């Protein structure tokens, strides 16, 4: 077990360690994060990192292979551009968590604020609570599972991501529609809920996705330009 | 970008520590606003028959000369307490109208001095420079009081000067700090000027403060004034608003400017980021949440 006291030494010794091959397979504990920015950003190996406290902006950004757990809340930009591995927040996450993330699993046990999964590109996101407005805006691939409610304009201008919501959706964004929950979706949902450690019945969710009406330029609209 | 902080005590035993706790929060917001810093502190409310005014002079201000000028102009009992280039004037007045006319008289009498707050409890200290420098200059750590707001500024909409720094007060015991940028402030400023609201700068945030003063002057409650602000202000904002008896927090409907609220049995705190709140005693066990867009949060002593 490697320990880092962020209150004493700041964020850089921890991050430098996570960028090195010697962090592979290591258990790491980070204490006293005190809302600092960029905690455990850019991890490149399969370390297991526990952060004890609340973090600020851009925690676990660009994560690759590491399993990062935040025992607290996360500020804006959590797991932005994550490539692989997993990030779990025991509390709430602020706006644009999982933005542009390409892969891996992001679990928010509490609520996520506005713009959750904006422009997601393959990441799977599971939120135990509710999400804010403009979530999954321009989402391109991956899955977003919401066990609570979704705010306004869910999935606006969505490409191909799959959105599963258990509770209410305030409104759907442009070109986002409800879609049939088929067997392959139930299987995917069951798998994600299990990975997240949540016990909801997959059949109690509704699926939303792209109507694919914004994909191509329509000649009928030429007069608008 | 800017940093804002607010601190309101539920437990009066903490009042002697207001300045120290606020200063610790403000220093954490230095990265968000290294241009200038300021605080509004509510303490030692004067009697109903008196008014408290914060004066701000140039760096070489001669407070003895100011005292002499005031001596010729003011009747009744009054006092002037200088602190660097700021000073707090407390004077007798007949009523609220008397307070405003006295302020107008002082404003006319002292052209090199600006009045940055008027009320019974509010005092404002603000200046260009790093938060740590401003805290030292005005000995902010020694301040006591019931509640306070602070701001660290990274200017985007207007010049970096002491005049343009926050907090802005345009009404009695009212002040506002702002993180964001308003896009309809020029039009709104002209409209408010026609309604009799005075502005000292071309700053967008001062317009928001003036707007609330105008609504409150029309008889609106703080909540009603803020509800109207959601309709009439266009742009990005997280506001913290101080009143004589409390404070309020409001974010615009898009909510791209950050805000964190925290509450314990002893205090309520708001900040742009959690790291400012982490400085407070008991923060590790506080209830912490992100304020919802277009939702008014307020705390008030009854």
- Message: Which residue is nearest to the other protein chains (Cβ to nearest Cβ), if the candidates are limited to region A:24-40 and must be farther than 29 Å from residue B:30 by Cβ and part of a loop (DSSP other than H, G, I, E, B)?
- Response: A:26
- Query: Taking region A:75-107 as the region of interest, how many residues are in a loop (DSSP other than H, G, I, E, B), on the phi < 0 side of the Ramachandran plot and within 14 Å of chain B (Cβ to nearest Cβ)?
  - Reply: 10
- Message: Here's a check for you: in region B:236-255, which residue that is crowded, with 17+ Cβ neighbours inside 10 Å, farther than 17 Å from residue B:172 by Cα and in contact with a strand residue (DSSP E or B) (Cβ under 7 Å, 6 or more places away or on another chain) is farthest from the other protein chains (Cβ to nearest Cβ)?
- Response: B:239
- Item | Matching residues in region A:112-153 - criterion: being crowded, with 24+ Cβ neighbours inside 10 Å, more than 19 Å from residue A:76 (Cα to Cα) and out of contact with any helix residue (DSSP H, G or I) (no Cβ under 8 Å at 6 or more places or on another chain) | A:142
- Give the residue that is farthest from the other protein chains (Cβ to nearest Cβ), with candidates limited to residues of region B:290-302 that are surrounded by fewer than 20 Cβ atoms within 10 Å (Cβ to Cβ) and closer than 14 Å to residue B:238 by Cβ. B:297
- Note on the structure: Subset of region A:198-209, residues over 25 Å from residue A:176 (Cα atoms) and touching a residue at least 40 places away in the same chain (Cβ under 8 Å), comes to A:198
- Starting from region B:258-286, take each residue that is away from every other protein chain (no Cβ under 12 Å) and list its partners that are surrounded by fewer than 24 Cβ atoms within 10 Å (Cβ to Cβ) and assigned to a helix (DSSP H, G or I), counting only C-beta distances under 7 angstrom and pairs at least six apart or across chains. B:264/B:285; B:266/B:14; B:267/B:14
- Message: Can you name every one of the helices (runs of 4 or more DSSP H) wholly within region B:1-113 that holds 1 or more residues which are modelled with pLDDT of 95 or more and not assigned by TED's automatic domain parsing to the domain that holds residue B:250?
- Response: B:63-73
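For (1) surrounded by fewer than 17 Cβ atoms within 10 Å (Cβ to Cβ); (2) within 21 Å of the chain's Cα centre (by Cα), each residue gets a yes or a no:
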| residue | (1), (2) |
| --- | --- |
| B:35 | no, yes |
| B:42 | no, yes |
| B:52 | no, yes |
| B:60 | yes, no |
| B:64 | yes, no |
| B:69 | yes, no |
| B:78 | no, no |
| B:104 | yes, yes |
- Query: What number goes with the only condition from (1) in a loop (DSSP other than H, G, I, E, B); (2) outside the structural domain of residue B:10 (by TED's automatic domain parsing) that residue B:155 does not pass?
  - Reply: (2)
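The values are calculated or read from the model by the stated rules, or taken from the named source; none is laboratory data. Just so it is clear, the structure is predicted and the values come from calculations on it, not from any experiment. Virtual Cβ from ideal backbone geometry, glycine too; neighbours counted across all protein chains shown.
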